[in-house]
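Here is the structure we will look at.
Only the coordinates and a few stated rules stand behind these numbers; no lab work does. What you are looking at is a predicted structure, and each value in this text was computed from that prediction instead of being measured. Positions of Cβ are generated from backbone atoms using ideal geometry, with glycine treated the same way; all protein chains shown enter the neighbour counts.
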Amino acid sequence: MTTKSLYQVVADLDKYPLSLPEQVSILQNYHTLLVPGIPTPLGYVPSALITTHPEQWPPSLWTITPRSITLMTPPTAPAATRTATLASALRHMAVSSHPDFRSLKGWRDETFPVYGPGGDLVLEIERAASALFGVVTYGVQLQPSTSTPTPIQTPPTHPPTTTPEGINLWIATRSPHKQAYPNMLDTTAAGGLPTSLSPLSAIIAEATDEAGMPADLLQKIEFVDRISYFHINDNGNGMAVLQPEVEYCFELELPEEEGVAPRPGDGEVQGFGLWATERVVEELRAGGFKPNSAVVVVEFLRRWGVVAGGDVEGVWERLHRVLPLPVVDHGV
């Protein structure tokens, strides 16, 4: 079985390079997404998607230059107008049979917010299209555990003096019917952050639906961190999409009592298990976890002092990188 360091688990997800020259080299293959009236780029569209499918980018909706693509809305247009214009373009793309647009076959009628540099909502984009346009997306994750460990300092300035004993994590196994990452391991509850919900409201909804957790337990959820990473996903077709993401991370201390356990609720999960940290680390190294959940678990283990030293050196810094696009803090 191939194993890797926990730092490498994080780096495998956070593939966008840290050095500026490498970033410049990668961005040569993308058009920056612009909106009139907004002074900064909002995303990155693969140039090949534009040049290979010119029929999908009519001049009535888009202005295209060698390095950018601009949504044709008035500079003072409200977010609702921009959203409607973009949705019209996306629905046209969604009927294409070309595999470059296959992600749109998973159309959900659920929108993700796209923010400008001042934190204002610029527009909303169909969730299934967010990766094609390389916009920053937001999500929530919940990792329950049993025991009451004492966290080490964050950001890390000193190694932990002791390693907590007896921490167990509730780990989900994804449904075999999931379109993405079937049968892989996961945090107990997770999901995208839609425009209409706060991070706390979103994670409570996910934990209720996915894990059947009662309201009295969910009142004890604690926000612990906001992480960021920048994934590059080639989708298996040679046209990589850029996926800058922010995750709001929550934890919940559950008592080791009979009947106090997450249970599959909405078909997203086939089961839950209470795992010792040794088994969790083994599966992380072997690639058993859904990638963006793996980094949440790695940071949980690092923050609580379960793992330390060179194996996780640089993890905190990598998961708190500054993204090159506007990012908003939703609060909790």
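Note on Kirkwood radius over Cα pairs in Å: of the candidates [x] 22.3; [y] 24.3; [z] 21.0, the value calculated from this structure sits at [z]. Taking a point 7 angstrom from the Cα of residue 95 along the C-beta vector, which residues in region 107-134 have backbone N less than 17 Å away? Within reach of a label on residue 95, which here means backbone N under 17 Å from a point 7 Å along Cα→Cβ, region 107-134 contributes 107. Charges were assigned to the Cβ only: +1 to each Lys and Arg, -1 to each Asp and Glu. The resulting dipole of the chain about its Cα centre is roughly 1060 debye.
For region 227-279, a crude dipole built from +1 on the beta carbon of Lys and Arg and -1 on the beta carbon of Asp and Glu, taken about the Cα centre, is about 260 debye to the nearest 20.
Extending 7 Å from the Cα toward the beta-carbon at both residue 320 and residue 25 defines two label points whose distance is 2.9 nm. Using the alpha-carbon centroid of each, what span in Å lies between region 281-332 and region 117-135? Taking the Cα centre of region 117-135 as reference, the centre of region 281-332 is 24 Å away. To the nearest ten degrees, helix 277-286 and the longest principal axis of the Cα atoms of the chain are 40 degrees apart.
Here the chain carries DSSP beta bridges of which approximately 75% are antiparallel, counting only pairs with both residues inside. Here is how the number arises for the chain: DSSP H runs of 4 or more residues each give -39500 (n - 2.57), the sum is divided by the residue count, and the result at 222 nm is -7000 deg cm²/dmol. The residue among 146, 77, 121 whose Cα reaches farthest toward the positive pole of the charge dipole of the chain, with charges on the beta-carbon of Lys, Arg, Asp and Glu, is 77. Does region 20-133 come out rounded, prolate or oblate by the C-alpha gyration tensor, with a ≥ b ≥ c the root eigenvalues, rounded set by a/c under 1.5 and, if not, prolate when a/b is larger than b/c and oblate if not? It comes out rounded by the Cα gyration axes. Restricting attention to the chain, lysine pairs at least eight places apart or on different chains and with alpha-carbon atoms under 18 angstrom apart total 5.
Placing unit charges on the Cβ atoms only, positive for Lys and Arg and negative for Asp and Glu, gives region 20-133 a dipole magnitude near 120 debye about its Cα centre. Using alpha carbon centroids, what distance separates region 23-55 and region 238-280, in Å? If you average the Cα positions of each part, the centres end up 34 Å apart.
Remark: 197, 319 ranked as 197, 319, counting other beta-carbon atoms within 10 Å and listing the fewest first.
A Förster radius of 22 Å combined with the Cβ-Cβ distance from residue 4 to residue 233 puts the calculated FRET efficiency at roughly 0.70.
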